1. Keeping to segment 234-257, report how many residues are under 18 Å from the mean Cα position of the chain (by Cα) and either within 14 Å of ligand 1 (Cβ to nearest atom) or surrounded by 13 or more Cβ atoms within 10 Å (Cβ to Cβ) (or both).
2. Pick from segment 112-121 the residues that are more than 18 Å from the chain's Cα centre (by Cα) and assigned to a helix (DSSP H, G or I): which of them is farthest from ligand 1 (Cβ to nearest atom)?
3. Inspect all residues belonging to segment 44-65 and state whether any of them is away from ligand 1 (no atom under 15 Å from the Cβ), modelled with pLDDT of 95 or more and over 13 Å from the mean Cα position of the chain (by Cα).
4. Of E228, E217, which residue is assigned to a helix (DSSP H, G or I), without any contact (Cβ under 8 Å) to a residue 24 or more places away in the chain and over 27 Å from R14 (Cα atoms)?
5. Tell me which of these A47 doesn't satisfy, since it passes every other one: (1) in a strand (DSSP E or B); (2) under 17 Å from N242 (Cβ atoms); (3) not basic (K, R).
6. Has segment 190-207 got at least one residue that is in a strand (DSSP E or B) and within 15 Å of ligand 1 (Cβ to nearest atom)?
7. Would you point out which residue out of T109, T85, T62, T52 is within 20 Å of A164 (Cβ to Cβ), within 16 Å of ligand 2 (Cβ to nearest atom), surrounded by 14 or more Cβ atoms within 10 Å (Cβ to Cβ) and polar (S, T, N, Q)?
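The values are calculated or read from the model by the stated rules, or taken from the named source; none is laboratory data. Everything numeric in this text was worked out from a predicted model, so none of it was measured. Glycine also receives a Cβ, built like all others from the backbone with ideal geometry; neighbour counts cover every protein chain displayed.
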Amino acid sequence: MASNNLESEIRTLREKLKNYKVGNIEGLHSFSDALEGEMEGLQIRLAVFGMTGAGKSSLVNTIWKTLYGRENAPAIEQSSGAEGTQLLEDFHSQSGTEDDRGGFVFHDTRGFNFDFNRAEENELFRILYGIVSAGQLIERGDWAEKMAEDAGQAAHRLEKPPVADQVHVALWVIKANDIRFVNGQYLDKFNFVRQKLNAEGVTIITVLTHDDKLDSEERNQAKKNAMEVTGSKKAQTFVFANWLGEQEEYDVRYQREVLKMLHTALGCGERSVRSRQIQRKLSKQ
Ligand SMILES: Nc1nc2c(ncn2[C@@H]2O[C@H](COP(=O)(O)OP(=O)(O)OP(=O)(O)O)[C@@H](O)[C@H]2O)c(=O)[nH]1
Ligand SMILES: [Mg+2]
């Protein structure tokens, strides 16, 4: 039966992802340009970006609950519209440690305001290069403006840390019923982020949240608009509602979408690690 198939597909995928270790998707042998010992303990780093209130922290919780059970929601979500995340928060996968291979880590970031300023641009790079560490306040306002000023426009020339410490995949979270997204204002604003991420070779996985607020026509339109904004391919664009605190049950179709999204993101992450290793080798030749 269809629903049995869906449930068994979810079970299989969930087990695979719960036990995920780097190299499981592309094959560890395919990282032939890795430095001696580089793959030991390496984790796929996924940064969750998006506007304030888009549902980034709820997304981390949704992934954790879908993988590890409803009680396991590690991130703090917004309450009553006040800004939620201000510290950079790291959430590590729970796959066993019987050998030296790592799993994945999510970086939950502070939401961007709609008008990207220089401080926010600088912040994006510092997160991408692993220069802000977990628990650090993501500064805004005068201090951050000043720092960005001092760094000049050269945020992209910040010294890059080793491949293992850089962000490998960006998840861009969009609230599907955000009016600024619906009426097209978002497109312009996103251009610069898209260019920067592309230039760094970071794949963007697009996640549309708040599917519970859409009808099927709006859903199709939202997906189309999102692909136009972020440049993600269809296979890298996902639409679902987050699994929020008070909900005991979570739709199986959403569960499948969440797991597929994570699997896709980890595959992109592995390929990103490998291509940076290849580039590193070529640049030394
Ligand atoms: N209906 C609905 N509400 C959602 C969904 N995702 C998140 N929310 C709600 O939207 C609000 C914002 O969610 P957060 O996950 O805190 O958003 P955030 O992007 O982490 O926000 P900042 O940390 O401030 O940038 C919370 O009240 C959530 O309960 C969704 O898919 N559907
Ligand atoms: Mg948050």
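1. Going residue by residue through segment 234-257, those that are under 18 Å from the mean Cα position of the chain (by Cα) are 234-243, 254-257.
Checking the rest, the ones that are also either within 14 Å of ligand 1 (Cβ to nearest atom) or surrounded by 13 or more Cβ atoms within 10 Å (Cβ to Cβ) (or both) come to 236-243, 254-257.
The number of residues fulfilling the criteria is 12.
2. Per the stated criteria, the residue is R118.
3. Checking segment 44-65: not a single residue is away from ligand 1 (no atom under 15 Å from the Cβ), modelled with pLDDT of 95 or more and over 13 Å from the mean Cα position of the chain (by Cα).
4. Details: E228 fails: without any contact (Cβ under 8 Å) to a residue 24 or more places away in the chain.
None of the other options fit; the residue is E217.
5. Of the numbered conditions (1) in a strand (DSSP E or B); (2) under 17 Å from N242 (Cβ atoms); (3) not basic (K, R), the odd one out for A47 is (2).
6. The answer is yes, given that some residue of segment 190-207 is in a strand (DSSP E or B) and within 15 Å of ligand 1 (Cβ to nearest atom).
7. T109
Yes/no per residue for (1) more than 16 Å from ligand 1 (Cβ to nearest atom); (2) at pLDDT 75 or above; (3) not in a strand (DSSP E or B):
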residue: R110; (1), (2), (3): no, yes, yes
residue: R126; (1), (2), (3): yes, yes, yes
residue: G135; (1), (2), (3): no, no, yes
residue: K146; (1), (2), (3): yes, no, yes
residue: E159; (1), (2), (3): yes, no, yes
